[in-house]
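Participant: Have a look at this one.
The values are calculated or read from the model by the stated rules, or taken from the named source; none is laboratory data. The structure presented is a predicted model; accordingly, all values stated were derived computationally and were not measured. Note: ideal-geometry Cβ built from the backbone for every residue, glycine included; neighbour counts use all protein chains shown. To get the accessible areas, we keep the full protein, side chains included, count just its heavy atoms, and leave off ligands, DNA and RNA. Shrake-Rupley method; radii C 1.70, N 1.55, O 1.52, S 1.80 Å.
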Amino acid sequence: MSTSLWRQEVSKLEAYVPGKSIEEVKKQYGLSEITRLASNENPYGPSPKAIAAMNAAAAESHLYPEPTSAELRHKLGELYEVDPAQVLISNGADNVLMLIGQAYVNPGDEVVYCVPTFSVYRTSTVVMGGVPVEIPLTEDYKFDLDRILASVNEKTKLIYVCNPNNPTGTIVDSDALGAFLSRVPPHVVVVLDEAYGEFIDVEGYKTGAEYVREGYPVISVHTFSKLYGLAAMRIGYAIASKEVLAPVLAVREPFPVSRLANAAALASLEDTDYRDFILSTNREGIRYLTAELGALGIDVTPSYSNFVLANLHRDAVPVVDALLRVGFIVRPCRSWGYPEHIRITVGSPEQNRRFVEALRPIMNA
């Protein structure tokens, strides 16, 4: 088929390239066991209560799901102290981000964010005929809020702040973020992508929902994929004022969330012991990887997520290939402009230990 039939905006995009699949690496290298530390997945999987809830919900798979996820919105409203009408549930955080683009971006509108970051910001802008305004991260891999503000003009429609940022794991200072939001003009909506927000372990750090409660034109976006281990279920949500959410609801599909996903999300929120276990083991994993990689001469950027950005101080591609041959998948960062970096998901203690043991002879070769 000729590309002349495509929408003009689509020709400006490239398909998203995910990390290598476990199945692909097994087949390519003839391995029976693979540890994937490339996709920021929860190494322990969902809560047992979530699994039980999904099994129970499977019996009703012949029925359409409740379209508004009312019970889940109520639970999230209680958690974040907002009206349930200020919560939108949809098919993963990336879907929520695409809906925001559909709801807000007109041809010629400008959308501002720093790079490298999550690629959906660009996709959701370009596909609607918008203009991405991409600003480099600071030298310490953080969003440059001052330069973002300096770029805002009458054409600016959205600002994205990925916090913690993917792929760097960094956050912006809470006080600086508050000062930034107070200076954003009223015609601009700020999207705080907090897919990894639950992993932030800083006393007094403000969440996006707090800014929503304070009346800022903010959309706080979250996912159940990371902390709660429901990546395969595709369920995410947004928190904003009713006025800000109205156009997003208008473009959302009629039945965006399956019964299984909805049941799993509800059970996950109720299993606070499991949540606390995941957060605790993740913090310990960050400390372990930072120390062990540092001993190998690898610099690790301070991370507030469930992954670390590691500077190998050499071309990362041969290291990534060598790790694949011994059964470990990590994410090379060349496509983000960091040819000497890799992104490593925090695994279980045993996975982390075996990864370091596999990496040590490669780095010392």
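Participant: Based on the alpha-carbon gyration tensor of region 129-251 and its eigenvalue square roots a ≥ b ≥ c, which shape applies: rounded if a/c is under 1.5, prolate if not and a/b is larger than b/c, or oblate?
Facilitator: Verdict is rounded for region 129-251.
Participant: Express the Stokes-Einstein translational diffusion coefficient of the chain in µm² s⁻¹, to the nearest whole number, given a Kirkwood radius over alpha-carbon pairs, 25 °C and a viscosity of 0.890 mPa s.
Facilitator: 114
Participant: Shifting gears a bit: What accessible area per residue comes out for the chain, rounded to a whole number of Å², with a 1.4 Å probe?
Facilitator: So the chain comes to 45 Å² accessible per residue, rounded to a whole number.
Participant: Also: Once you have a ≥ b ≥ c as the square roots of the Cα gyration tensor eigenvalues for region 111-182, tell me rounded if a/c is under 1.5, and otherwise prolate or oblate according to whether a/b is larger than b/c.
Facilitator: Oblate shape, in that a/c is at least 1.5 and b/c is the bigger or equal ratio.
Participant: If I stretch the segment between Asp146 and Ala70 completely, what's the gain in nm (0.36 nm per residue apart, minus their alpha carbon distance), one decimal?
Facilitator: Result for the pair: 23.5 nm of gain on full extension.
Participant: With +1 on each Lys and Arg Cβ and -1 on each Asp and Glu Cβ, and nothing else charged, work out how big the dipole of the chain is about its Cα centre, in Debye to the nearest 20.
Facilitator: Magnitude of the dipole: close to 920 debye.
Participant: Show me the ranking of peptides 55-66, 172-183 by mean Cβ neighbours inside 10 Å, starting with the highest.
Facilitator: Ranked from most to least packed, the peptides come out as 172-183, 55-66.
Participant: Continuing with the same structure: If I model a spin label at Asn153 and Ala232 as a point 7 Å from the Cα along the Cα→Cβ vector, what separation in nanometres do I get?
Facilitator: 4.9
Participant: Given a Förster distance of 41 Å, report the FRET efficiency between Met363 and Ala176 from their Cβ-Cβ distance, rounded to the nearest 0.05.
Facilitator: For R0 = 41 Å, the calculated efficiency reads 0.70.
Participant: Under 5 Å between amide H atoms, partner at least 5 residues away or on a different chain: which partners does Leu312 have, H built in plane at 1.01 Å?
Facilitator: Excluding prolines and chain starts, which carry no amide H, the hits are His341, Ile342.
Participant: Which order do peptides 33-40, 304-311 fall in by mean Cβ count within 10 Å, highest first?
Facilitator: 304-311, 33-40
Participant: Which residue, Ser303, Ser335, Ser258, has the most motion in a Gaussian network model of the chain that connects Cα atoms within less than 10 Å?
Facilitator: Ser335
Participant: Let me ask you something else. Rank Gly285, Gly45, Gly30 by mean-square fluctuation in a GNM of the chain with C-alpha springs under 10 angstrom and give only the top-ranked residue.
Facilitator: Sorting by GNM fluctuation, first place goes to Gly30.
Participant: Pairs of lysine in the chain with Cα under 28 Å and at least 8 positions apart or on different chains: total?
Facilitator: Counting lysine pairs in the chain gives 23.
Participant: Only bridges whose two residues both fall in the chain count here: according to DSSP, what percent of them are antiparallel, nearest 5?
Facilitator: Within the chain, antiparallel bridges account for around 45 percent of the total.
Participant: Once region 143-205 is represented by equal point scatterers at the alpha-carbon sites, with solvent omitted, what log10 I(q)/I(0) does the Debye formula produce at q = 0.13, 0.17 Å⁻¹?
Facilitator: One equal scatterer on each Cα of region 143-205 leads to -0.36, -0.60.
Participant: If R0 is 51 Å, what FRET efficiency do you get for Ser21 and Glu78 from their C-beta distance, rounded to 0.05?
Facilitator: E(calc), rounded to 0.05, equals 0.85.
Participant: Out of Val326, Val133, Val111, any idea which swings most in a Gaussian network model of the chain, alpha carbons joined below 10 Å?
Facilitator: Val326
Participant: With only Lys, Arg, Asp and Glu charged, each at its Cβ (+1 for the first two, -1 for the last two), find how big the charge dipole of region 141-212 is about the Cα centre; round to the nearest 20 debye.
Facilitator: Using only the charged Cβ atoms, the result is roughly 400 debye.
Participant: Another question, then. Over the Cα atoms of region 1-124, what Rg and Dmax result, in angstrom?
Facilitator: Spelled out, the Cα radius of gyration and Dmax of region 1-124 are 19.9, 53 Å.
Participant: Something else: From the residues Gly101, Met54, Leu145, which one has its Cα farthest along the dipole of region 1-152 in the positive direction, the dipole being from +1 and -1 charges on Cβ of Lys/Arg and Asp/Glu about the Cα centre?
Facilitator: Met54
Participant: If you don't mind, another one. With all protein chains present, how much of the accessible area of the chain (probe radius 1.4 Å) comes from carbon and sulfur, to the nearest whole percent?
Facilitator: Carbon and sulfur together cover 53 percent of it.
Participant: How high is the relative contact order of region 241-360? Use alpha-carbon pairs under 8 Å, at least six apart in sequence, and give a whole percent.
Facilitator: The normalised contact order for region 241-360 reaches 22 percent.
Participant: Moving on to the next point. Check which residues have an amide H placed less than 5 Å from Val131's amide H, if you skip close sequence neighbours.
Facilitator: Amide H to amide H, under 5 Å and 5 or more residues apart or across chains, Val131 pairs with Gly108, Asp109, Glu110, Val111.
Participant: Run the dipole for region 4-118 about the Cα centre, Lys and Arg Cβ at +1, Asp and Glu Cβ at -1, nothing else charged, and hand back the magnitude in debye, nearest 20.
Facilitator: 420
Participant: Roughly how many nanometres apart are two label points built 7 Å out from the Cα toward the Cβ at Arg314 and Arg275?
Facilitator: The answer from the label model is 4.3 nm.
Participant: With a/c under 1.5 counting as rounded, go ahead and sort region 66-130 into rounded, prolate or oblate using the C-alpha gyration tensor (a ≥ b ≥ c being the square roots of the eigenvalues; past the cut-off, prolate if a/b is larger than b/c, else oblate).
Facilitator: Cα axes put region 66-130 in the prolate bin.
Participant: How large is log10 I(q)/I(0) at q = 0.14, 0.19, 0.20 Å⁻¹ when the Debye formula is applied to the Cα atoms of region 229-329, each weighted equally and without solvent?
Facilitator: Values returned for q = 0.14, 0.19, 0.20 Å⁻¹ are -0.85, -1.03, -1.07.
Participant: Out of Pro18, Tyr274, Asn352, whose Cα points farthest toward the positive end of the dipole of the chain (charges: +1 Lys, Arg; -1 Asp, Glu; placed on Cβ)?
Facilitator: Checking the options against the dipole of the chain, the answer is Pro18.
Participant: Please give me the summed charge of the neighbours of Gly327: other residues whose Cβ is under 11 Å from its Cβ, Lys and Arg +1, Asp and Glu -1.
Facilitator: So the environment of Gly327 carries a net charge of +3.
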